[in-house]
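A.B. asks: So that we are looking at the same thing, I have put the structure below in structure tokens.
The values are calculated or read from the model by the stated rules, or taken from the named source; none is laboratory data. Keep in mind it's a predicted model, so treat the numbers as computed, not measured. Using ideal geometry, Cβ is built from the backbone for each residue, glycine included, and neighbour counts are taken over all protein chains shown. The protein model used for the area step is the full one, side chains on, heavy atoms only, and it has no ligands, DNA or RNA in it. Shrake-Rupley method; radii C 1.70, N 1.55, O 1.52, S 1.80 Å.
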Amino acid sequence: MFAAVIKLRYKRPKVHRPYKIFGGNTGIWIVAGLGLLSCVATFIIGFFPPSQIATGSPVFYVSFLILGVCIACVIPFILIYFKNPKWTRPLPHEKE
């Protein structure tokens, strides 16, 4: 999501947006960059088992997290593969 903000600011700079970020493109890089770094740090820190909770084997803990991430990443692709054509409809500006 944070990378998409940066990409869209350059790909479609003239689109009216209901919100403004200070500093133009520099501000977008700062805000979205901090958000992206925070997400990556949270993701990495999540793989260290907490010492206050008995999680069992560290190998089981990390394996469980990796399996969960893989399942969470595969589910959208399964939904796209089996999607019903009625689920999508053209946007108002795309109608002919």
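A.B. asks: Could you pull the accessible area for Thr26 with a 1.4 Å probe, rounded to 10 Å²?
C.D. replies: Thr26 has an accessible surface of roughly 90 Å² with all protein chains in place.
A.B. asks: In addition: By how many degrees, between 0 and 90 and to the nearest 10, does the Cα long axis of helix 2-11 differ from the longest principal axis of the chain?
C.D. replies: Tilt relative to the chain: about 20 degrees.
A.B. asks: Towards the positive end of the charge dipole of the chain, with charges on Cβ (+1 Lys, Arg; -1 Asp, Glu), say which of Ile44, Phe60, Gly33 has the farthest Cα.
C.D. replies: Gly33
A.B. asks: Explain nothing, just compute: Karplus ³J(HN,Hα) = 6.51 cos²θ - 1.76 cosθ + 1.60, θ = phi - 60°, for every residue of region 55-63 in order, whole Hz, x for Gly and Pro.
C.D. replies: Residue by residue, region 55-63 yields 9, x, 5, x, 5, 4, 4, 5, 4 Hz.
A.B. asks: Also, quick follow-up: Which percent of the accessible area of the chain is formed by carbon and sulfur heavy atoms (probe 1.4 angstrom)?
C.D. replies: That share works out to 73 percent.
A.B. asks: Moving on to the next point. Could you tell me the number of lysine pairs in the chain with C-alpha atoms less than 23 Å from each other, where the two lysines are 8 or more residues apart or belong to different chains? If you can, show how the numbers build up before the last one.
C.D. replies: Details: Lys7/Lys20; Lys11/Lys20; Lys11/Lys95; Lys14/Lys95; Lys83/Lys95; Lys86/Lys95.
The result is 6.
A.B. asks: Which value, in debye to the nearest 20, gives the size of the charge dipole of the chain about its Cα centre, when Lys and Arg are +1 and Asp and Glu are -1 at the Cβ?
C.D. replies: 600 debye
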